Amino acid sequence: MAGRTQGPARSRSASGNPTKRGAAAAGEPDGVAKRTSSRPRPAVAANGTAAGRSAEKPAGRSKSPVRAAAAASDSDDAILVKYYREMTLIREFELKAGEMYTRAKIGGYCHLNLGEEPTVVGLMAALRPTDYLFTNYREHGYALSRGMDTGRVMAELFGRVDGVSGGRGGSMHLFDAEKRFLGGYGIVGGQIPPATGAALALTYRGTAGPDAEAVMCQMGDGTTNIGAFHESLNIAAIWKLPIVYVIINNGLGMATTVDHAAGEPELYKRGCSYRIEGKRVDGDDPVLVRDAAAEMLRRAREERKPGLLEVMSHRLRGHSVVDPARYRSREETERLRSLDPLPAFRAKLVAQGVMTDHDAVRIESESIHEVDRAVEFADGSPEPSPEELFRFTYASSVANTSTLMPGDPILPIGWDQEGSR
Ligand SMILES: Cc1ncc(C[n+]2csc(CCOP(=O)(O)OP(=O)(O)O)c2C)c(N)n1
Ligand SMILES: [Mg+2]
């Protein structure tokens, strides 16, 4: 990717794409320790412009009275611009993933983070590289924001060998042990027990304190009705596990609204049964999300108190790329369009003089370019070979022959199908 000059440190990847790191290399994630976000910002009107200012006259970067009033430091601004950059990359990636699905480059299931970009970026900004992350199947944005290579993430969607899971996982099963991103789960709630187990393991590996590792377990609103959610929260409470459960409340589990599905639709309150502190936060603001998540992670690592964070977000399209969302009325679709958090965040940063319109256009075109490069890389990557089908399976002590089908008798290495050596 060319020219992502204002991003965090980058390294060369297999795809030749520079990758960004989702969080600081060491210590606190950006902006968290310094509490930079708590400084006063000018009021922003609903249309994203600074109150009392004209949208046609965005503040100039150097002489903006708005910017002067906010007493913003360059580093604060750089962090916000970085968030916009990450949100834009996720947006462009997801739009392209949808397009590639219709071109049959991507098969299977494919769920997009469109509308959830600030939520994703805020959560990943709170996470340290040493923390562990478990997610559901709607996880492309998390992978990118966690610092996984754009080309290798796209290659996984394409099912190619250079994909982050060797092309064996696809869209729902992104994985990177080095980045401590442990999936990518397709079964609703499937990520919750292993994430809770990982938090238990951390209590054996180290003691509580500011440098302790913690686990973040992301899930959707619908997932809070799964039994494993309640069992895991109970265990996390009684065993005092360093884990933050994050509910992305996008209002829907497939086509079912939260109000129809949940006896307690204020989902953060569901922690009450287990005396787990819950909090609800606006998912359209990456800084609010980051700070709420960072505080819960702090308590998890220092006090071994599990937390439950509900982030109010939007699913701008259907449940997956093949869902036209006909259950939504025209008014609801229009309303959602007006709630798109990306143009709002862009307008807010321009109005505050944090970036210019020109900066924003450049960032957007760089993201488009990076995603185009990712598609090229994915397309050039080979399909996995059928001979490799049984690699990475548990059954490593039996014959790894590609001719065996599920249900065939499994024979020790060196034995043929007739049962003789
Ligand atoms: C155990 C299980 N039941 C049902 C499904 C089918 N399913 C896939 S996603 C989904 C809805 C989940 O909604 P939510 O938790 O709100 O996540 P979102 O898709 O909104 O991100 C369902 C029912 C599944 N994958 N696994
Ligand atoms: Mg949902």
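Laboratory data are not the source of any read-out in this text; all were calculated from the coordinates shown. Note that the structure is a prediction, hence the values are computed from the model and not measured. Cβ sites come from the backbone with ideal geometry, for glycine too, and all protein chains shown count toward neighbours.
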Table column - 3J(HN,Hα) (Hz), the stretch 332-337, Karplus curve with 6.51, -1.76, 1.60, x for Gly and Pro: 5, 5, 5, 4, 4, 4
Rounded, prolate or oblate (a/c below 1.5 giving rounded, otherwise prolate when a/b exceeds b/c) for the stretch 85-177 by Cα gyration tensor: oblate
The stretch 122-257: antiparallel DSSP beta bridges as a percent of all, rounded to 5: 20 percent
D340-V161 pseudo-label distance in nm [points 7 Å out on the Cα-to-Cβ vector]: 4.0 nm
Gained length - E331 relative to K269, 0.36 nm times residue gap less alpha-carbon distance: 19.3 nm
Within-12-Å neighbourhood charge of A262 [Cβ basis; K, R +1; D, E -1]: -3
Taking only Cα atoms of the stretch 151-264, radius of gyration then Dmax in Å: 16.0, 44
Karplus-derived 3J(HN,Hα), 6.51/-1.76/1.60, for each residue of the stretch 369-375, Hz, glycine and proline x: 5, 4, 5, 4, 4, 5, 5
Sparse-neighbourhood loop sites, trypsin sites (Lys or Arg not before Pro) in the stretch 85-154 - DSSP loop, at most 11 other Cβ within 10 angstrom: R103
Vicinal HN-Hα couplings computed from phi for the stretch 149-161 (Karplus, 6.51 cos²θ - 1.76 cosθ + 1.60; Hz; Gly/Pro x): 5, 4, x, 6, 5, 5, 4, 5, 4, 7, x, 9, 4
Theoretical FRET efficiency, 1/(1+(r/R0)^6), r = Cβ-Cβ of T203 and H369, R0 51 Å, to 0.05: 0.70
Global geometry of the stretch 124-192, whether rounded, prolate or oblate, following the gyration tensor of its Cα atoms and the 1.5 cut on a/c: oblate
Kirkwood Rh and Cα Rg combined as Rg/Rh, the stretch 159-208: 1.08
Unsatisfied cross-links (Cα-Cα over 19 Å) in the set K82/K348; K179/K305; K96/K179: K179/K305; K96/K179
The stretch 154-197 residues near the modelled S385 label - backbone nitrogen below 15 Å, point 7 Å along Cα→Cβ: 161-162
